[in-house]
Amino acid sequence: MSPLDLLSLGFARLRTRPSRAVLAALGISIGIATMLVVIGIPASSQRAVVDELAALGPNLLRAQAVPDQVAGKQAGMPPGSVDMARRIAPVRTASGVANVHAEVRRTDVSTQGSGITTLAATPDLLSVLGGSVHSGQFLSRATERFPTVVLGSKSATWLGITGASGNPRIRLGDKWFTVIGVLGPMPLAPEVERSVLIGWDAARAQLAFDGRPTVVYVRADEAAIDDVRQVLPRTLNPEQPGLVQVNRPSDALAAKRITQNAFGTLLLGLAGVALVVGGIGVANTMVISVLERKREIGLRRAIGASKGQIRGQFLTESVVLCGLGGIAGGALGVAGTAAYAHLQGWPLVIPGAAVLGGLTASVVVGVLAGMYPAVRASALTPTEALASP
């Protein structure tokens, strides 16, 4: 028989028993769909992370002062440490913040443990971090000397302040400050999201700030980022470089996203299990088909069909069954991935190799699932097959 004749025979049985064909192919469809979703969603998430990091800038370094446990001193770097960081050749810009340890309150009532930090900052902080203002304005050379503050996105939510309109006020320590701005989300600086920012000069005048930054942010040439990272502690605190810890926030953000997708391998394993179960279902269907069609097999053998042709017929039916299940599962997996990516606001990324691999896997399962029933059918002699009830 020609390949077209075999293909026609493969589809003929599916047309006569559509319900059985759908149920048999369902396991294959679920396995392929799960496989594509498990591969497509992390790929879309990874593309979103890459785009996010590219927009935020992967060349940001964060240097944090740690307390001196031996001398019993609080964390802090020399007052001129930000200026010293700017002298490093590959450094483009730098800015610092300092925890002034002032309690943040919305009213006169004390709110211990609010989780909001008061940070002294300079007007160039927002440009260094690549942040944006959600409402109002950021600190400027004019406003940083006065009792004005800017809220991080999370601290604004915790304080119940949605914007800077209406000149809302909060208390830092025992003094009132006017809110002039609310920042947007800043994933590379979550500590700023949870803080209240006050001008450097205002912190000195109002809150007895000593001018020692606790965190310094540095933007450097990406090609030299590792070199800058190595020399930054000694530059910021020449006498005690061990009291300065430097990290790269973009690495932490990427690690966080990878952790969120850590279950992808487990789900991929479950997709493989579903594929195997689907293959067993197809094999079971084909074995039953052989038992039901003994007379047909015997009649075909009696009129001259060879064992190879019988094997080819049943093997083709199994491959067609699994192939259709793979196509349906591929369409379902692409649709599911597209829907989830759209809800998350991610770009849709489905590797072509995953689609091709899924379809190939369904065909391979079809061959494996149909091999035993095909061999069993071809082993029947005409007399044995025709004599069966």
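At a glance:
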quantity	calculated
Cβ pairs under 9 Å, 6+ apart, first in segment 191-217 and at positive phi, second of a type in the set (Val, Ile, Thr)	Ala208/Val100
Count of residues meeting criterion [in a strand (DSSP E or B), of a type outside the set (S, T, N, Q) and surrounded by 18 or more Cβ atoms within 10 Å (Cβ to Cβ)] in segment 145-198	15
Given (1) out of contact with any helix residue (DSSP H, G or I) (no Cβ under 9 Å at 6 or more places or on another chain); (2) assigned to a loop (DSSP other than H, G, I, E, B), number of the condition Arg229 does not satisfy	(2)
From Ile116, Ile161, residue being of a type in the set (A, V, I, L, M, F, W, C), over 23 Å from Val218 (Cβ atoms) and touching a Lys or Arg at 6+ places or on another chain (Cβ under 7 Å)	Ile116
Test: Ser95 is in a helix (DSSP H, G or I) and touching a residue at least 12 places away in the same chain (Cβ under 8 Å)	no
Among (1) crowded, with 16+ Cβ neighbours inside 10 Å; (2) over 27 Å from Thr383 (Cβ atoms), the one test that Gly312 misses	(2)
Arg301 touching a helix residue (DSSP H, G or I) at 6+ places or on another chain (Cβ under 7 Å), over 27 Å from Gly272 (Cβ atoms) and either outside the structural domain of Ser29 (by TED's automatic domain parsing) or part of a helix (DSSP H, G or I) (or both)	yes
Number of positions in segment 336-389 that are assigned to a loop (DSSP other than H, G, I, E, B) and either β-branched (Val, Ile, Thr) or under 21 Å from Leu324 (Cβ atoms) (or both)	3
Top-ranked residue of segment 1-44 - restricted to ones that are surrounded by fewer than 22 Cβ atoms within 10 Å (Cβ to Cβ) and of a type in the set (S, T, N, Q), ranked as modelled with the lowest pLDDT	Ser2
Close pairs from segment 129-148: first at positive phi, partner of a type in the set (D, E, K, R), Cβ under 9 Å, at least 6 apart	Gly130/Arg219
Any chance Gly115 is surrounded by fewer than 21 Cβ atoms within 10 Å (Cβ to Cβ) and either touching a Leu at 6+ places or on another chain (Cβ under 9 Å) or touching a residue at least 40 places away in the same chain (Cβ under 8 Å) (or both)	yes
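The values are calculated or read from the model by the stated rules, or taken from the named source; none is laboratory data. Keep in mind the model is a prediction, meaning the values are calculated, not measured. Every residue, glycine as well, gets a Cβ built from its backbone with ideal geometry; the counts of neighbours run over all protein chains shown.
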